[in-house]
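Asker: Below you will find the structure I want to go over with you.
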Amino acid sequence: MNCLDLMWDAVLVNGHVGGGRKVDTGLNVELSPSHRAATGTEEAMLQESSTDEKKMERGSEVRVQDSTEQKLYKIANELLLTERAYVARLHLLDQVFCARLTEEAGKGLFPVDVVRTIFSNISSIHTFHCQFLLPDLETHMGQWSVSPRLGDVMQQHAPFLRMYAEYVMSFDQAMELLRIWTERSAPFRNVIQDIQSQEVCGSLTLQHHMLEPVQRLPRYEMLLRDYLKRLPNDDSDHSHAEKSLQDISMAATHSNSAIRQSENLKKVLEIYEMLGEEDVMNPSNEFIREGRILMLAARNSAMERHLFLFNNMLLCCAPRFSLAGHRFTVRARIDVEGMTVQRTTNEHHSHTFQVSGKERTLERTLDLQASSEQDKEDWIKAFQDTIDVFLQKNETFVSASKEVEMEELGRRAPRWIRDNEVTMCMKCSEPFNALTRWRHHCRACGCVVCWRCSDNKVTLEYDGNKVNKVCLDCHAALTLRANREERGEGMEGGHSRGSTPHLPISIPTLSPGCEGLV
């Protein structure tokens, strides 16, 4: 019998029950002793059920709290574990690669300065992490059960992370020197290959290991953001974590562009390992897109190919069926300069398009078939965007290479060509490498020149007639103008200052792939 049965059994006509007791029709029912006993039992059951629900709610709150603490601990522990692995990698770079190469350089086999430039301030970075940051993290994690804190230790050390700026800024130059001297010097190459063959390297190249310091700051930033997201706002560690995140974010800002370049370099290294082509390792190469495709040949036959598109060239490769070594063989290399792409129709094949351009000095056309219409359009867009960017950069470079008028030369500060826009002397076309790595700016025309072409000095009006280094062309032009003015030809010869004849100082346009625009 349930509660409703008890109530309806008790209620009679006009609200009366047996024995003359009246019942409130508002369901305030006065029950008989037996009915009250039954109702009391059910009330006790309801109270017990309510008590169980409250216990479950309190248990849920405890689990939520435990879950938050566990997540905070997991983040802090991940930071510690990755820091240990990172310090081991820094030891490999500093105490193994750098130490061995420095030792060999001391024998006169290659310049010591090359090793110093490649590894920059890696020794300082290693010392900081090994002797300061990692021990403090170990101490904090050992006391986590008593004092769960991460923000204060990171805030204490975050300002020292600014030392990464030096490493990041010299990273491109380090990669270039590493490539050059690996090719040029057998002792240099042998040391690196010997270390890379050891188990401690994990089958990774020196270039891969050198990427880790560039990528470390964003890792700190990511973990601290996650830590702050889960840390209660009223936690005493919250302000420390916020301040450390600000400091690390500021330090990481300087390395953002280098990270993008390092990701590109990592991909270029992977492609180099698949192809074995030295051209791929050019520092100016920027990876755009890759993918499997079919190349149409005579009699409408199709051959499987793999395309690698860079900012300055297209590599069309055939797969190699071998268990070890390179995975592809380069069958065609087409420069982006002068490249065209267009849609085509073929009655035997669908989703076709055509890429044309120069392979060295010969014209080359590739008839290609994509896997789908969408794949075809994606490839065409990638090609066209790459061509457009190449043309835009080339126009910018050419505009900067216009003739400098004699009237303005030395009297107005020039627009300097950036170092990373060129890979060779803009006067004699001597490539910049480890031997001719010192790049100089002509203070008159702004060109980047080698030491041979900048071994001249003249006074420049815009710099208060101070003596400045200039290139050969500017030295000749300015000396000629000075001699004419000294002899009075500026007035008597009819060539006043306002009508000085134009002596063009030409800036040569670099060959494709050498302009080094990034």
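The values are calculated or read from the model by the stated rules, or taken from the named source; none is laboratory data. As the structure is a computational prediction, the values presented were derived from the model and not from experiment. These area figures cover heavy atoms from the full protein model, side chains too; ligands, DNA and RNA do not enter into them. Shrake-Rupley method; radii C 1.70, N 1.55, O 1.52, S 1.80 Å.
Asker: Please list 443, 360, 327 from largest to smallest accessible area, probe radius 1.4 Å, with all protein chains kept in place. Let's see the in-between values first.
Answerer: Values: 443 80, 360 190, 327 130 Å².
Descending order: 360, 327, 443.
Asker: Taking all protein chains in place and a 1.4 Å probe, what share, in percent, of the accessible surface of segment 176-233 do carbon and sulfur account for?
Answerer: Here carbon and sulfur together make up 46 percent of the probe-accessible area.
Asker: Could I ask something else about it? Among rounded, prolate and oblate, which fits segment 153-297 when a ≥ b ≥ c are the square roots of the eigenvalues of its C-alpha gyration tensor, a/c under 1.5 means rounded, and a/b larger than b/c means prolate?
Answerer: Prolate is the answer for segment 153-297, as a/c is 1.5 or above and a/b outweighs b/c.
Asker: Roughly how many percent of the accessible protein surface of segment 329-398 is carbon and sulfur, given a 1.4 Å probe and a whole-percent answer? Write down the numbers at each step before the final one.
Answerer: Numbers: 1890 of 4070 Å².
So the carbon and sulfur contribution to the accessible surface is 46 percent.
Asker: Please list, in order along segment 382-390, the HN-Hα scalar couplings obtained from phi with the Karplus expression 6.51 cos²θ - 1.76 cosθ + 1.60 (θ = phi - 60°), rounded to whole Hz, x for Gly and Pro.
Answerer: 4, 5, 5, 4, 5, 5, 4, 5, 4
Asker: Using only alpha carbon pairs under 8 Å that are at least six residues apart, calculate the relative contact order of segment 445-489 and give it in whole percent.
Answerer: 32
Asker: Is segment 283-374 rounded, prolate or oblate when judged by the Cα gyration tensor, a ≥ b ≥ c being the square roots of its eigenvalues, rounded requiring a/c under 1.5 and prolate requiring a/b larger than b/c? Don't skip to the answer; put the middle values down first.
Answerer: On the way: a/c = 1.65, a/b = 1.14, b/c = 1.44.
Because a/c hits 1.5 or more and a/b fails to exceed b/c, segment 283-374 counts as oblate.
Asker: Amide H to amide H, which residues 5 or more places from residue 289 or on other chains are under 5 Å from it, using H placed in the peptide plane?
Answerer: Answer set, sorted by chain and number: 309.
Asker: Follow-up question, since we're still on this one. Under the rule of at least 5 residues apart or a separate chain, name every residue whose amide H is placed under 5 Å from the amide H of residue 329.
Answerer: For residue 329, the qualifying residues are 318, 320.
Asker: Here's a follow-up. What number, in percent, do you get for the relative contact order of segment 349-389 if the mean sequence gap of Cα pairs under 8 Å and at least 6 apart is divided by its residue count?
Answerer: Contact order relative to length: 36 percent.
Asker: Follow-up. Relative contact order (percent) for segment 171-306, with alpha-carbon contacts under 8 angstrom and 6 or more residues of separation?
Answerer: Over segment 171-306, the number comes to 18 percent.
Asker: Would you kindly derive the ³J(HN,Hα) couplings of segment 103-117 from the backbone phi angles with the Karplus curve 6.51 cos²θ - 1.76 cosθ + 1.60 (θ = phi - 60°), listing them in order in whole Hz, with x for Gly and Pro?
Answerer: Taking θ as phi minus 60°, the curve returns 4, 5, 5, x, 8, x, 7, 7, x, 5, 4, 5, 5, 4, 5 Hz for segment 103-117.
Asker: With θ taken as phi - 60° and the coefficients 6.51, -1.76 and 1.60, list the Karplus ³J(HN,Hα) couplings across segment 171-180 in order, rounded to whole Hz; mark glycine and proline as x.
Answerer: Computed from phi, the couplings for segment 171-180 are 5, 4, 5, 4, 5, 5, 4, 4, 5, 4 Hz.
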